[in-house]
Amino acid sequence: MDIHFLSKETAYIDAGVNLGLICSGEKSILIDAGIEVSVAKKVLKLINEKNLKLSGLILTHAHADHTGGAAYIKNSLNIPVISSFQEKPFIEHPHLEPFYLFGGATPLKTMENKFLQAPPCSVDICLEPGKQDLLGFAVDVIPLPGHTPGQIGIAYEGTLYLADALFAPEILAKHGLPYFVDIGAVLHTLGKLSESSYDFYVPSHGSVVENPVELTLVNKKFLEELLDMVLGHLKEPHTTTELLGKILREKNITINNPSSFYLMQASLQALLSYLVNTGKINVVYCDNLLCWHRNQS
Ligand SMILES: [Zn+2]
């Protein structure tokens, strides 16, 4: 793990996920906190070694690989934690994630793990989108919804920290069915990013890129292929679970724990609601089971 400077005032830390670090003189703001306390401790040590002083911690979204170290950092340095309005409740009440993934019922105990449930952390400042002064830093808060409802990117001095708005091709290939909550929002976010012009784009998972166009196209094509795959299977009605089984088989993915199953089911449901809401498929009932079926027209 190290601090990699992209310019005098922007850097990232390879801490399992890429964390952002923006600097102004000796002051700095950290963007995301890593998955757990041991990671956060190393990050704080690195920042200290560079003689930088943290003024705040921005959390791009509520997922545990980004927020697991947040409470430790906040309590160690007594600095404000900052997020969007939409992500705040999930950061402050992290049990909500396994709860909603399990369909709004008490989840399996095994789903209360460090990948789905970070330690709770109170959020002190909620960000509105747009250019603003944040603790003395001239940042631009860029809404990047789709992966989560209120995910934000932070632009500062020519660098855009992307959170999980773009995945590297190897991450897409490895996961097969990455986490999405809103496909329409993902497509809108990809369109917006492809037209943007920053010097550096820092995804949380993958390498820094200077031109986002190719990466946005890879992500868009990946989603379109997934939608086509779903539509292909829905010439016949399928339940969600049947359809998930077929897609995982086609993508050669093996699931062996409830967390992975429910994360992938949620992504599939995002694809299904998008296809219903855009008139491509519909809900039918077969033997009292809710099924999805492609519209004939
Ligand atoms: Zn995420």
Computed Rg/Rh for the range 202-297 (Cα atoms; Rh = Kirkwood radius) stands at 1.04
Can you flag which of LYS114/LYS174; LYS42/LYS192; LYS131/LYS174; LYS27/LYS174 are past 31 Å Cα-Cα? LYS42/LYS192; LYS131/LYS174; LYS27/LYS174
For the residue pair ASN282 and GLU224, what label-to-label distance in nm results when each label sits 7 Å from Cα along the Cα-to-beta-carbon direction? 2.7
Placing unit charges on C-beta atoms (Lys and Arg positive, Asp and Glu negative, everything else neutral), compute the dipole magnitude of the range 232-294 about its Cα centre in debye, rounded to 20. 200
Antiparallel bridge percentage (DSSP; both residues within the chain; nearest 5): 70
Spacing of the two label points (7 Å from each Cα toward its C-beta) at LEU217 and SER122, in nm: 4.9
Taking a cut-off of 18 Å between Cα atoms, list the aspartates and glutamates near LYS246, but don't count ones fewer than 8 places away on the same chain. GLU224, GLU225, ASP228, GLU236
Residue-span extension gain [THR241 to ASN113] - 0.36 nm each, minus C-alpha spacing: 43.7 nm
Taking N as its residue count, the alpha carbon Rg of the range 114-171 over 2.2 N^0.38 Å: 1.30
Relative to the longest principal axis of the C-alpha atoms of the chain, give the angle of the C-alpha long axis of helix 258-277, reported between 0 and 90° and rounded to the nearest 10°. 70
State, to one decimal in nm, how far the label point of ASP2 lies from the label point of SER273, with both points 7 Å from Cα in the Cβ direction. 4.3
GNM of the chain, Cα pairs under 10 angstrom: of ASP32, ASP164, ASP287, the biggest fluctuation goes to ASP287
Consider just the alpha-carbon atoms of the chain and return their Rg together with their Dmax, both in angstrom. 19.8, 66
Mind telling me which of ASN51, ASN256, ASN113 comes out most flexible in a GNM of the chain, alpha-carbon contacts under 10 Å? ASN256
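Every number here is computed from the coordinates shown, using simple stated rules; none is lab data. Keep in mind that what you see is a predicted model, and the values were worked out from it rather than measured. Methodologically, a virtual Cβ is constructed for each residue, glycine included, from the backbone with ideal geometry; neighbour enumeration extends over all protein chains shown.
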